[in-house]
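Accompanying notes for the structure given below.
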Amino acid sequence: MHSYTTKTPLHLENGGVLEHLSISYHTYGKLNTSKNNVVWICHALTANSDAQEWWSGIVGTGKLYDPKDQFIVCANTIGSHYGTTGPLTAQLNQRPLLDKFPGVTIRDMVNAHILLRKHLGIHSINTLIGASIGGQQAVEWAITEPELIEQLILIATNARHSAYGIAFNESQRLAIYADPTYGNDNPKGGLKGLITARSIALLSYRSYSGYAANQTESDNERTDDFLASSYQRYQGEKLAKRFNAYSYVLLSKAMDAHNVGRGRTSVEHALTQIRAKTLVIGIGSDVLFPVSEQQFLAEHIQHARYEQITSDFGHDGFLLEYEQLTWCISAFYANELPVNLSGLPTINYN
């Protein structure tokens, strides 16, 4: 992992200022002499910049994005738990700001990515790809610097966060706020609330069929402590061991504020500014980012194509359905006919 500290303050969209912004990031492979082999991956909510670790079916030797051919970049977002300036970062020999850390937006995250891009000497991005909140960053960036992005891949994401998604995020934050250890200058505060928040989130990330297939009891006599119950606890505790409640609150609020139409007349008008050849991928069982949101993106982005994959894992399918994603993206690069993995008509716009 590398780190870059900016030379100038970053002024945030909501009025805050980060005087000394440090950005943690990973790179794989090398920039070629033509500087046209950059693949920039925007990570999801609680992921980190080590894309080869959390997206191992997509990134790595012999995979879709191979370091021997591409220069792959992934940067931790502002507020991340994994090195970039955030709530747990000490501020100029002072204590971390924790719940007093200034609010950030997806647009702020993109502006930080742009500072890193310039530092790395990147003047063109062959492929910008992201899923979920990573996809929100990617679509915002493609509007901000349309001339730099050649190909854009948006997976299970949207142009504006939905009321349903905001409601899920607020429910998670309420769980954290209800934890009396949250705030009060306690860097480890809110972890019990975070366990509950993650349990709530998981319901939006997965699907009915996924729980039915993997968490249904084989013991017909059981009356308590079900598989699904222990699974929810395990996933909550697992996150609490590697993340913090302050970053979780900050990043979920950034997701809520996502709206590419802000200051740009309308969402539809903003999407017309994208010049990249675009692939939008939806997941049929996704309830958090339903396919209607990806179809909206494809309808309003010029030169866009929509594909849909199938999965029992709902929104989390973007982390697990490597084979389908590889097929879709490879066909997109090759300008082949739609692969039609879902069995539904593929929509080609513009």
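The values are calculated or read from the model by the stated rules, or taken from the named source; none is laboratory data. Note that the structure is predicted; figures quoted are calculated from it, not measured. FYI the Cβ positions are ideal-geometry reconstructions off the backbone, even for glycines, and counts take in every protein chain you see.
Quick check on the stretch 108-131. Is at least one of its residues within 30 Å of Ala228 (Cα to Cα) and not assigned by TED's automatic domain parsing to the domain that holds Tyr246?
Here is the first cut: in the stretch 108-131, the residues within 30 Å of Ala228 (Cα to Cα) are 130-131.
Still in the running and not assigned by TED's automatic domain parsing to the domain that holds Tyr246: 130-131.
Yes: one or more hits.
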In the stretch 262-293, anything part of a loop (DSSP other than H, G, I, E, B), in contact with a helix residue (DSSP H, G or I) (Cβ under 7 Å, 6 or more places away or on another chain) and not polar (S, T, N, Q) is listed as Arg264, Ile274, Ala276, Gly284, Asp286, Val287, Leu288, Phe289
Here the qualifying pairs (Cβ atoms under 6 Å; residues six or more apart or on different chains; first in the stretch 20-35 and more than 15 Å from Gly79 (Cβ to Cβ) and outside the structural domain of Ala75 (by TED's automatic domain parsing); second surrounded by 17 or more Cβ atoms within 10 Å (Cβ to Cβ) and small (Gly, Ala, Ser)) come out as none
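Of all residues in the stretch 68-87, which are over 17 Å from Gln137 (Cα atoms) and either among the β-branched types (Val, Ile, Thr) or surrounded by fewer than 18 Cβ atoms within 10 Å (Cβ to Cβ) (or both)? Break it down into steps so the answer makes sense when it comes.
First pass over the stretch 68-87, keeping only residues over 17 Å from Gln137 (Cα atoms): 68-71, 81-83, 85-87.
Passing the criteria: Lys68, Asp69, Thr85.
May I ask you to say which residue of Ala175, Ala167 is farther than 30 Å from Tyr322 by Cα, part of a helix (DSSP H, G or I), modelled with pLDDT of 95 or more and of a type in the set (A, V, I, L, M, F, W, C)?
Details: Ala167 fails: farther than 30 Å from Tyr322 by Cα.
Result of the check over Ala175, Ala167: Ala175.
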*asked:* Given the condition touching a helix residue (DSSP H, G or I) at 6+ places or on another chain (Cβ under 6 Å), among the hydroxyl-bearing types (Ser, Thr, Tyr), touching a residue at least 12 places away in the same chain (Cβ under 8 Å) and surrounded by fewer than 20 Cβ atoms within 10 Å (Cβ to Cβ), answer yes or no: does some residue in the stretch 6-14 qualify?
replied: yes
Of the candidates Ala167, Ala156, the one satisfying the condition of being surrounded by fewer than 16 Cβ atoms within 10 Å (Cβ to Cβ), closer than 30 Å to Gln295 by Cα and of a type in the set (Gly, Ala, Ser) is Ala167
* Asked: Would it be correct to say that Arg117 is in a helix (DSSP H, G or I), crowded, with 23+ Cβ neighbours inside 10 Å and among the basic types (Lys, Arg)?
  -> no
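Residues are listed down the side, and each one gets a yes or a no for (1) within 17 Å of the chain's Cα centre (by Cα); (2) surrounded by 15 or more Cβ atoms within 10 Å (Cβ to Cβ); (3) in contact (Cβ under 8 Å) with a residue 60 or more places away in the chain:
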position	(1), (2), (3)
Ile176	no, yes, yes
Leu191	no, yes, no
Leu203	no, yes, no
Ser207	no, yes, yes
Ala212	no, no, no
Gln215	no, yes, no
Ala240	no, yes, no
Ala254	yes, yes, yes
